[in-house]
Each structure stands twice: as C-alpha cells, then as structure tokens.
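The values are calculated or read from the model by the stated rules, or taken from the named source; none is laboratory data. Not measured: the values here are computed from a predicted model. Heads up, the Cβs are rebuilt from the backbone with ideal geometry, glycines too, and the neighbour counts pull from every protein chain shown. Each accessible area value is taken on the protein alone, full model and side chains, heavy atoms only, with ligands, DNA and RNA left out. Shrake-Rupley method; radii C 1.70, N 1.55, O 1.52, S 1.80 Å.
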Amino acid sequence: MFLPILFIFSLLSFSSRALVQDFCVADLSLPDGPAGYPCKKPAKVTVNDFVYSALGVAGNTNNLIKAAVTPAFTAQFPGLNGLGLSLARLDLAVGGVVPMHTHPAANEVIFVVQGTITAGFISSANAVYFKTLNKGDTMIFPQGLLHFQVNSGKTTGLVLVSFSSPSPGLQILDYALFANNLPSDLVEKTTFLDDAQVKKLKGVLGGTG
C-alpha cells in the first residue's frame, strides 16, 4: 500500500516540475496585464534579456526635488517578468528628497551605497519609523505605506533599491494633491491648508483648478 502511494506522489512531483518554466521573459511588443507581460518565445530570448546596465549610470538630479530614480522594472529589464522582484537606483544631490510616496504592489528594501540618508515610513496606525542611515545601512518599507528619503548629509547620496514585484507601482502624495486639476477648495477642505498655500503648491507642481 505504501509503495504505490509513494509512486503516485513521485509521478505528480515529476509532472509539476515538467510544467514549470525556467523563466518568462517579457514580450514588450504585447500589452501588460494583471499577471505581467506575455512570455517571449524561447527561441527569441537572448542573454541580453537577463542583463541590465543602466543602474551603473548616475541619474540627473537637476530638478525640483534634486533626486533621480533609475528603474529596473519589467519594462526596462524584460528578464524580471514573473519573478516577483525588481530594482532601482536612487541618486540624491545635497538637499535632495524623495517626497512621501507609496508603492501599492510591493515591499521595498534600500541599501545605502554612499552618503547619509534620512528615511522612514508611517504605519496605518500613524506610528512613525525613521532613522538616519549611513553607507552600508539597509532599511525596509512595508508594502503600501507612506515613506520618504532625504539626503541629510553634505555629499551626494546613492541608494540601491529592491522591490518585491516587477511592477511595484508609485503614487507620490504631493503630486497626487497638487499636480492635477482637483479643485483647490476640495484640496483645502481635505488637507486643512489655506487657499494661498494650495495655490502656491499647485503653481510649483503644475496643478490647475
């Protein structure tokens, strides 16, 4: 009795392994869907689908927030498709900041390569967890929670970022409030800011209304 059962389990195990694909390189010529991009035909897959070099190049921090994010998501790095992870490079000039934002689809881990970065997140219970990080430090931001990074040092900061999704998503709080056409009076009511502050921020971030 025991041996037949073991034999059946071994067959099931072999069958499940046989059905598992080694990878599913994204076919970027087809539309993305909830489960990711369709797989490129194996005959068209090359080693270049599994190699990405842009994270070795510093981003342009000559902008309002003095920061640059270089993503390595599926759209840039097709070999990540279906693997449940992605990467990014964050460059922060002196005084640079990544404002409060969330990644709805991923946890995030940062590793400070150089500089001094103050980073933190806010829990759903409004508890705040923040710390000044130095070279070699790592910090985690749980999925969906508001978090931020600020260059609090006197030199350029460089951070490597890992996400638990090939498409983590992004919503920046300041841009969500002030970079669109949501009427100012509604922004004022929901944020308790006065009219002058809201119009100033809309002007800075390109919003209307």
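Of the accessible area of the chain, computed with a 1.4 Å probe over protein heavy atoms only, carbon and sulfur atoms account for 64 percent. Per residue, the convex hull spanned by the alpha carbons of the stretch 127-182 comes to 141 Å³.
Rounded to the nearest 20 debye, the dipole size of the chain about its Cα centre is 320 debye, using +1 on the Cβ of Lys and Arg and -1 on the Cβ of Asp and Glu. Positive contributions from Lys and Arg (+1) and negative ones from Asp and Glu (-1), summed over other residues with Cβ under 14 Å from the Cβ of N60, come out at +1.
Charging the Cβ of each Asp and Glu at -1 and of each Lys and Arg at +1, and nothing else, the dipole of the stretch 63-169 about its Cα centre rounds to 200 debye.
Assigning unit charges at the beta carbon (Lys, Arg +1; Asp, Glu -1) and nothing else, what dipole magnitude in debye, to the nearest 20, does the stretch 151-209 show about its Cα centre?
200
If you run the Gaussian network model on the chain, springs between alpha carbon atoms under 10 Å, then out of D49, D137, D194 the most flexible one is D194. Listed by chain and number, the aspartates and glutamates whose C-alpha is less than 20 Å from the C-alpha of K200, apart from same-chain residues fewer than 8 away, are D174, D185, E188. Structure remark: mean-square fluctuation, Gaussian network model of the chain, C-alpha springs under 10 Å; the largest value among T191, T74, T138 belongs to T191. Ordering P78, A179, M100 by Cα displacement along the dipole of the chain toward the positive end leaves P78 in first place; charges were set at the Cβ atoms of Lys, Arg (+1) and Asp, Glu (-1). Highest mobility in the GNM of the chain, judged by mean-square fluctuation with C-alpha springs under 10 Å and restricted to F192, F163, F148, is found for F192. Residue order by solvent-accessible surface for L173, L133 is L173, L133, largest first, with ligands and nucleic acids left out and a 1.4 Å probe. Once the 1.4 Å probe is applied to the protein heavy atoms, the chain comes out at 60 Å² accessible per residue.
Please report the relative contact order for the chain, taking Cα pairs under 8 Å with a sequence separation of at least 6, and give it as a percent rounded to a whole number. Let's see the in-between values first.
Values: 417 pairs, mean separation 38.7, N = 209.
Relative contact order, the chain: 19 percent.
Ordered from highest to lowest accessible area with the whole protein assembly present and a 1.4 Å probe, K41, K202 read as K41, K202.
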